[in-house]
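Take a look at the structure below.
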Amino acid sequence: MERRRSILRILMGRRSIRRFIKSRMPEEVARLIVEAAVRAPTYSYLQAYTIIWVRSEEVREKLVELCEGQDELIRSSAAIFLICADLNRTRRMLDLLGHRHVLESAKHPVESIFAVFDSGLLAAFMIIAAEALGYGSTILDYPLVYPREFAKLFGLPKGVTPLILLCVGERGEAPPLRPRLPLPLIFHEDRYREASDEELNEYLMELERALERENYVRKYIGLDMKYLDYLRLKTGLDNSLKKVYDVVEKYLKENLMKF
């Protein structure tokens, strides 16, 4: 019972850590985190993901160039892992079965979605394993925003899509728990329930108040604005974002991610 409670405490108390005390992770700890994480559920036991551990300081400095504004985080992380959806290895395994398989087709949405889903479960297990070992972590989305640059840096073949950077380190801060949607908005019984505008707006206002108390945007993004304004900035559909998304969409199709 105590073990179960300790696992729940880890889950309930987890929060993203974006400021680390500079350190480097021993190899045996990094391998332990990965060994625990690969026990995550996986579609048809194919484990359509690959993890690349950034060990070279030279590569780390190149990440500083790619991840604008994240210099301190990149340099101080004890370990940085690039998590990729890997349909290249999956395709090669299916080739060995000697049949005409689904990855040869023009579209394979189930396999594409599950490659991302497998990668997400892997990342979640790595985060919890790191937490159990006393480390904090945060996720960066730069690999998916700049897939060609990351593919070139890490020598990714066709079929391997960079998704996220998982930064793990010794905590240099103790932030509060950030808000989450109320359970009735995400946990339904028997059928879907549409949230009202009032419920959604109430959550957005709570998010605004909580992150303003933490000085979140100024502290982590370096911008003098409220969180909802930052959210508008980040998700606004302008020409520059459209160009980025066009590049990402083309790259995904070239890399067997076909929906």
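The values are calculated or read from the model by the stated rules, or taken from the named source; none is laboratory data. Predicted model, so just to flag it, every value in this text is computed and none were measured. A quick note on method: Cβ atoms are made from the backbone with ideal geometry, for glycine too, and the neighbour counts reach across all protein chains shown. For the accessible areas, the whole protein counts, side chains as well, though only heavy atoms, and no ligand, DNA or RNA atoms are used. Shrake-Rupley method; radii C 1.70, N 1.55, O 1.52, S 1.80 Å.
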_Total formal charge among the other residues, if their Cβ is under 13 angstrom from that of LEU233, Lys/Arg +1 and Asp/Glu -1_ = 0
*Could you estimate the translational diffusion coefficient of region 63-169 from the Stokes-Einstein equation, with Rh from the Kirkwood formula over C-alpha pairs, at 4 °C and 1.567 mPa s, in whole µm²/s?*
85
*For every other residue with a beta carbon closer than 10 angstrom to the beta carbon of ALA129, add +1 if it is Lys or Arg and -1 if Asp or Glu, then tell me the sum.*
-1
*When only C-alpha pairs under 8 Å and at least 6 residues apart count, what is the relative contact order of region 35-115, in percent?*
36
*Roughly speaking, to the nearest percent, how much of region 152-199's 1.4 Å accessible area is carbon and sulfur?*
55
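Does region 1-68 come out rounded, prolate or oblate by the C-alpha gyration tensor, with a ≥ b ≥ c the root eigenvalues, rounded set by a/c under 1.5 and, if not, prolate when a/b is larger than b/c and oblate if not?
Working: a/c = 2.07, a/b = 1.35, b/c = 1.53.
Cα axes put region 1-68 in the oblate bin.
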*Fully extended, how many nm does the chain gain between VAL247 and LYS22 (0.36 nm per residue separation, minus their Cα-Cα distance)?*
77.6 nm
*Cα centroid distance between region 1-69 and region 177-210, in Å?*
29
*Using a ≥ b ≥ c from the Cα gyration tensor of region 102-224 (square roots of the eigenvalues), is it rounded, prolate or oblate, where a/c under 1.5 gives rounded and otherwise the larger of a/b and b/c decides, a/b for prolate?*
oblate
*Per the helix-only calculation at 222 nm, which mean residue ellipticity applies to the chain, given -39500 (n - 2.57) for every DSSP H run of n ≥ 4 and division by its residues, nearest 500 deg cm²/dmol?*
-15500 deg cm²/dmol
*Looking at PHE150, LEU46, ILE10, which one has the Cα that reaches farthest to the positive end of the dipole of region 1-154 (charges on Cβ: Lys, Arg +1; Asp, Glu -1)?*
ILE10
_Size of electric dipole in region 45-91: Cβ of Lys, Arg +1 and of Asp, Glu -1, about Cα centre, debye, nearest 20_ = 380
*How long is the gain from TYR203 to ALA132 if the chain were fully straight, where each residue apart is worth 0.36 nm and the alpha carbon distance is subtracted?*
22.6 nm
*Rounded, prolate or oblate: which fits region 186-259, taking a ≥ b ≥ c as square roots of the Cα gyration tensor eigenvalues, rounded meaning a/c under 1.5, else prolate when a/b beats b/c?*
oblate
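Efficiency by 1/(1 + (r/R0)^6): what FRET value for TRP53 and ILE10, r their Cβ-Cβ distance, R0 = 22 Å, to the nearest 0.05?
About 0.45, to the nearest 0.05.
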*Using the Cβ atoms and a cut-off under 15 Å, what net charge is assigned to the surroundings of PHE117, where Lys and Arg are +1 and Asp and Glu are -1?*
-3
*Selection from ILE221, LEU166, PRO176 lying farthest towards where the dipole of region 154-259 points positive, charges on Cβ*: LEU166
